[in-house]
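To keep things clear, I will list the structure first and then write my remarks on it.
The values are calculated or read from the model by the stated rules, or taken from the named source; none is laboratory data. Since the structure is predicted, the reported quantities are computational estimates derived from the model, not experimental observations. Every residue, glycine among them, receives a Cβ derived from its backbone with ideal geometry; neighbour counts consider all protein chains shown. All accessible areas refer to the heavy atoms of the entire protein, side chains included, with ligands and DNA or RNA removed. Shrake-Rupley method; radii C 1.70, N 1.55, O 1.52, S 1.80 Å.
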Amino acid sequence: MKKLPQDVVIFMLLKLPLKSLLRFKSVSKIWYTLILSDTFLKLHLKCTTPKKDEFILFIRTLREDDPYKFTSIASFFSVDDKNNVTTLFPDVDVTHLTSTSCTIFNELIGPCHGLITLTDSDIIIVLNPGTRKYVVIPESPFDCPKGYYRYIEAVAFGFDSIINDYKIIKLSDVYWDPPTDDRGLRGSRVEIYNLSIDSWREHNVEFSSIYFTHCSEIYYKEAVHWFTIQHDLVILCFDISSEIFRTMELPSVCTDLNGPRYGLAVLNDCLVLMSYPDSMCSIGHTENVLNIWMMKEYGESESWIKIRTINPLPIPIESALVIWKDHLLLLQTQTGYLISYDLNSDEVKEYNLNGHHESLRAIKYTECLTAIPTLSEHSKQVNKFNNY
């Protein structure tokens, strides 16, 4: 270390995998300080290429012995050139998300600079899957007025490049609670948590009610995207830095709310829309077809083009999860198992990975050294999963 210039040492360290960097922190105090310095962390983030050493992080929910209790499991997989999936690390039991509530609302949000957010709406966790460091976000201190109740529509996570901070956004509907079955008039509430200062605040802005579909939320271009209904189905976006909502129209043939289900993904660094059969559709004649649309110019609704149609789908599916390696479409079947569909060869593979009904979530992830901000001993505590 003393014989080599620091820039040479940094260059060498940047070539190492994350596990080696974590071990080398123990070599000396100088190395520890260097590897955890802001300069090195920023360089490491820039050197992380999305396509190289990319793996898939799954969150799946399993039913426990108690039929009303569930456990959330994080699983890490890689794929070879023959689309064979292999386990990279031991599964992580995300005990904080163990609940007796309905698990179909569990969400996996990100990645953002190597950090992700896991939530079941009530509990929110920020996690670095590479280092296994995580923090449980404190509950928002804002209560509903007497005579009202709150329903959490969505949770978002992203990075504000203007103030150099991570934010968590909680979107809620607030209803008047009369002594009848009628929920009363709807109001909306936006709460924003800044990770660096460990603080919640209310944001006085209205938003349209979220149209929930499984695996439809996505973080892209420093904004979070969902679906909402404004006469027709549209994409609702929340810009992390400006804290402003905006909408983008869908292809004109993708506004039917009585048949297909819709999901969002990223392919070739473009936003894509997937439409596929809704297994819960009461009409009973939904076409067994999956269509993929690409927005060639982000934000320009007229740039949507259909790039692929899978007709018919080889296996009844529950959810479209993610497109991996720009050709491997991952899906959850109606029996709860993970399958892949190769968009190049039309090959279908089923894997020994399953979860409770509609509980599989997946994101593409590349290991990163990003640290979770901490404050004092009296604020949120950064922990590490024991089985790593």
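Tally up the carbon and sulfur contribution to the accessible surface of region 1-47 as a whole percent, 1.4 Å probe, everything protein left in place.
Heavy-atom surface of region 1-47 belonging to carbon and sulfur, 1.4 Å probe: 63 percent.
In nm, to one decimal, how far is the modelled label at residue 199 from the one at residue 252, with both set 7 Å along Cα→Cβ?
The modelled label-to-label distance comes out at 5.0 nm.
Say each of residue 206 and residue 326 gets a label point 7 Å from the Cα, pointing the same way as Cα to Cβ; how far apart are those two points in nm?
A separation of 4.3 nm, rounded to one decimal place.
Quick check: from the Cα gyration tensor, does region 1-47 come out rounded (a/c under 1.5), prolate or oblate?
Details: a/c = 1.43, a/b = 1.15, b/c = 1.25.
Rounded is the answer for region 1-47, as its axis ratio a/c remains below 1.5.
Which residues in region 186-203 place their backbone N less than 14 Å from a point set 7 Å from the Cα of residue 371 along the Cα-to-Cβ direction?
196
Using the beta-carbon distance between residue 311 and residue 149 and R0 = 51 Å, what value does 1/(1 + (r/R0)^6) give for FRET efficiency, to the nearest 0.05? Walk me through the numbers on the way to the answer.
Numbers: r = 44 Å, r/R0 = 0.87.
Efficiency, rounded to the nearest 0.05: 0.70.
Could you sort 248, 12 by accessible area so the largest value comes first, with the probe set to 1.4 Å?
Putting 248, 12 in descending order of accessible area: 12, 248.
State the extension gain, in nm to one decimal, for the chain segment bounded by residue 26 and residue 177, taking 0.36 nm per residue of separation less the distance between their alpha-carbons.
On the way: separation 151, 0.36 × 151 = 54.36 nm, distance 5.69 nm.
That works out to 48.7 nm of additional length.
Given the pairs 133/325; 146/170; 82/325; 170/325; 19/384; 221/296, which are separated by over 22 angstrom at their Cα positions?
133/325; 170/325
Based on the mean of other beta carbon atoms within 10 Å per residue, what is the order of 124-131, 337-344, most packed first? Can you show the working numbers first?
Details: 124-131: 23.4, 337-344: 18.1.
In decreasing order of mean packing, 124-131, 337-344 become 124-131, 337-344.
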